[in-house]
Amino acid sequence: MKNKHYHSRKKDTPFKKRLNIKPMRPGSDKSLKQVFQKIGTPKEKKFKPDSFQIQAIEAIRQSDCLVTAPTGSGKTWIAEQVAHEVLEKKGKVWYATPLKALTNSIHVQFSKIFGRENVGILTGDIKENPDAAIVIGTTEILRNQLYDAMDTGENLTCDLIILDEAHFLGDEQRGVVWEEIMIYLPGRIPLLLLSATIGNPFQIAKWLESIRGKKCQVIANHDRPVPLFPLFFHPSGTLFPLIHKQNLDEKQVLHKKVLKFSENRNRSVTAGPGGLPQFGDILNILDRYHLLPAIFFLKSRADCDQAIKLCHSNLIAKDPERKQNLMLKIKELTKDNPHLNTHPQRQYLEKTACASHHSGHLPAWKVIVETLMAKGLLDAMFATSTVAAGVNFPARSVVVLNSDRFNGIEFMGLTPSEFQQMTGRAGRRGMDNIGFAIMLPGKFMDLKYVATLINSPPLDIESQIRINFSMVLNLLLSHTPDQIKLLLEKSFASYQIVSGKKQGKTARKKFGPDLELLWTDFSDHLNFLVDEKFVGNDKKLTQDGLWASKLRVDAPLLVAQSIRKNLLPQKDPALLAAIISSFVNEKESSDDPLYSQALPKRLKEVFLLVRQGLKPFAIKLLEHGFHAPNLFVQPSLLLYLWAHDEPWEDIVSQSDFAEGDFARLILRTSDNLRQIAKLEDSFPVLAKTAKQAVDSILKEPVITFYN
C-alpha cells in the first residue's frame, strides 16, 4: 500500500503542477477589512413598510398595478395586505404562481396568516378547499378556469388576481399562459403583477391599459433590501473585491488583481478538467470570514450531488446546539416517510450541514432542504441556476462558478435577469447587514463579462404567444374565428409590433408586420381540426371537438384520437396510467424493453396497439408541421410497475430516470389522467378508470409529506 500510495502521489504531483492547482490558504485583500466589518445582524426594530409597498397598495385600490422590485424586497407583503382588504369586504382572491413549489410555499404562508379554512390550493396534484376566500394555484389552473368561464358565460367569482413572478410572461415555454390570462381576464377584476426582473414594465403596463380599458400603475423600486458586495475567490484562497468601482454611473472595472488573473493564460485553477474544487476547503475559508450560509450555483445536477461529498469540513460540529437542532429537524421532517428517512444524501446532510437541491430529487426531499435552509440550519446548499427563481431560501452569500448556463439546448451567457435572480438570494432581510456575490472561477467563468452583469438592467420581455390545439379548441367553445382574431390582436405581440421601429423589431420578425404569421398559424391549426372532424365546416366544434376541448393535456389531439379509435384500455387503471405516461414523457428512450421477456405481455400488446393505431394520425400531424411526440415503452413499463406496487427503489435503480424525473413523470401523468376523468358524460367507463389510475400512482414517496 505504501508503494502504491507513493507512486500515485508522484504521478499526481506533476499533473497538479501542470494545471497550476495550489493549496488553499485563507486570505483577504486589505481593502475588504471595512467591508467585513459590516457583517452582522441588524438591530431588531418594528417593521415599517417601504414607500414603494405603500404606493402599490394605494395603486391597486383604484387600478391595475405592476410592481417591479429586487428579490427579497417584500413584494409578497404587498399581496398579503391587499388580500386582507379584499377579505374584509367579503371578496375573493386568486393568487397565481408559475411553480408548484412556490404555490405550496405561499399556501403555507397564507394559511398561517388568514387561517387554513380561508385558503385553498389548486396545483393539479393538490385540490384543497377550492371555494375558499383565497385560492393559491398555478397559472395553468387559472387560465383553464378562464376558458371555462368564457364557455359557460359565467363570471369568474373573483375580486382580485395576483400574478407572482410576472416576468414569466417572457418565458419561452410558458409565457403564452400568462399572456392568455391577461387577455381573457375581465377588466372588472383588478390585476396585481409582482416581479423582480422586468426591463420594460411601462410597455407592459401600457399594453394592459390598451386591452383592459383601465389604468395600470407601475411601482418600481431598485433598492435591494440588503446591499450586495461582489467578491472574487482566488484559487489560492484569497478573497478580493471583484470590481474596482461600484458607482452606478461609472463603468464596472475589475479589481486590478482580478483583471491580472483573468488575463493570465497560465492562471491557477481550483480543479482539474471535469473536476470540482475541494468545497470543504472553500467552506472553511468562507466560514473564517463569516460569509456563510452560502448557496453554490453549479452547472449540473450531477455536480450538485458530487459537491456534498467534497464537503469534508465539519463546521456544524463547532456549534453543538445548531447541530442538535439540525438533527431534530431532520428527524421531524422524515419521521412519517420511510423513503426520506433512509435517503442516501441524509448522511451528508447530518454530517456536514450541506445539501444538494435540484429537479432530480423528489419534491419531498427538496422541501426538507428548503426548510432547513430557511431556518438557518445549513452551511451550504449546492443548486443549479434554475433554483434561483421563485422559492425563497436566502443566504448570506451566493457563490457562482460559471458565467453561462445550459438553457436546454446549448450553453449561453447568463442574462442580467438570470444573474440578478441568483444574486438576489444573497443577504437575508432582517438577518444580514450585507450580502455577498462571490465569483469562484470555474473553467467557464468570464470575469469581464460578469462585471458587466453587476448593475446591468434586466432584459426587456418579449411576447411568447403561440398557437396550440388546446387553445384553439377552447376558444372555439365561445368564439367564432373572427372573434378569436380580435383576441389575438389584443396580444402583447400585437402591441409590440406597433410600439415603434426598434421596440417592435423582434415581434415583427416573429409574428409578421400585421400579426399575419400568428393568424396563419391559427388558421393552419383550425384547418387541421376541420380535416380531422374536431371542427365542422361551419367552424364550430363537433361532438368530438366538444369533449376534446376538455383535454388540457400535453398532446390533446393524440390522446383524443386514441379515445376515438378505442385504443386506450377501458377497465385497467394500471395499464391506462402506463399508456398515458408515454404521451407526457419528454425523455428520449430506447425500445429495448419491447424485446425483453420482463415486459408484461398485456402491456406490450396494448402499447403496440396504441402506437400502431396512432401512427397514421401522427404522420399527418408531422406532415402539417405540428408536433407529435415519440411514444416510448420504457416510461410505460415504469408506471405499470409502480401502479402494481413494485418497490420505488427497485424501479428507480433499474431505470435511467432520476428520482425527481420519475416523480415528475408520475405527477404529469396524473394531471393528464384527471383531464380524461372529466369526460364522464361522453366516456363514463374510461373516465372512471382514469380516476382509479390516479389513485394507483399517487402514493409515497411521490406525494409530498405535507400533503
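Please treat every number below as a calculation from the coordinates, not as lab data. Treat the numbers as computed from the prediction; the structure is a model and nothing was measured. Note: ideal-geometry Cβ built from the backbone for every residue, glycine included; neighbour counts use all protein chains shown.
Listed values, structure above:
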quantity: Per-residue [θ]222 nm for the chain (sum of -39500 (n - 2.57) over DSSP H runs n ≥ 4, rounded to 500); calculated: -13500 deg cm²/dmol
quantity: Stretchable slack from GLN306 to THR157, in nm (0.36 nm times residue separation minus alpha-carbon distance); calculated: 48.7 nm
quantity: Ranked packing of 268-274, 635-641, 206-212, most packed first, by mean Cβ within 10 Å; calculated: 635-641, 206-212, 268-274
quantity: Kirkwood hydrodynamic radius over Cα pairs of segment 226-453, then Stokes diffusion coefficient at 4 °C and 1.567 mPa s, in µm²/s; calculated: 72 µm²/s
quantity: Under-5 Å amide H pairs with VAL93, H placed in peptide plane, nonlocal only; calculated: ILE134, VAL135, ASP159
quantity: Taking the C-alpha atoms of segment 550-707, convex hull volume expressed per residue in Å³; calculated: 114 Å³
quantity: Normalised per residue, the volume of the convex hull around the Cα set of segment 51-220 (Å³); calculated: 113 Å³
quantity: C-alpha center-to-center spacing [segment 148-205, segment 420-459] in angstrom; calculated: 30 Å
quantity: Cα→Cβ-extended label distance, 7 Å offset, between GLN597 and ILE619, nm; calculated: 3.5 nm
quantity: Within the chain: Cβ-based charge dipole about Cα centre, in debye rounded to nearest 20 (Lys, Arg +1; Asp, Glu -1); calculated: 3140 debye
quantity: Computed E for SER682/ILE39 - FRET, C-beta separation, R0 56 angstrom, nearest 0.05; calculated: 0.30
quantity: Bridge type composition, the chain - antiparallel percent by DSSP, nearest 5; calculated: 15 percent
quantity: Rg/Rg_globular for the chain, with Rg_globular taken as 2.2 N^0.38 Å and Rg from C-alpha atoms; calculated: 1.02
quantity: Which of LEU298, GLY500, SER523, positive extreme of dipole for the chain (C-beta unit charges); calculated: LEU298
quantity: Relative packing of peptides 562-568, 688-694 - highest average C-beta neighbours within 10 Å first; calculated: 688-694, 562-568
quantity: No Cys partner within the rule (Cβ under 4.7 Å), the chain; calculated: CYS65, CYS158, CYS216, CYS304
quantity: Candidate lysines - alpha carbon under 24 Å from LYS502, same-chain residues fewer than 8 apart omitted; calculated: LYS206, LYS490, LYS510
quantity: Per-selection Kirkwood Rh - segment 72-116 (Cα, Å, 1 d.p.); calculated: 11.2 Å
quantity: Hits among lysines - C-alpha to C-alpha of LYS533 under 20 Å, sequence gap 8 or more where chains match; calculated: LYS550, LYS565, LYS615, LYS620
quantity: Span per principal axis, largest first, for the Cα atoms of segment 462-547 (Å); calculated: 46, 20, 18
quantity: Over segment 643-693, volume per residue of the alpha carbon convex hull, in Å³; calculated: 70 Å³
quantity: Under 17 Å from the Cα of LYS30 - lysines, other chains or at least 8 residues apart; calculated: LYS38, LYS245, LYS256, LYS257
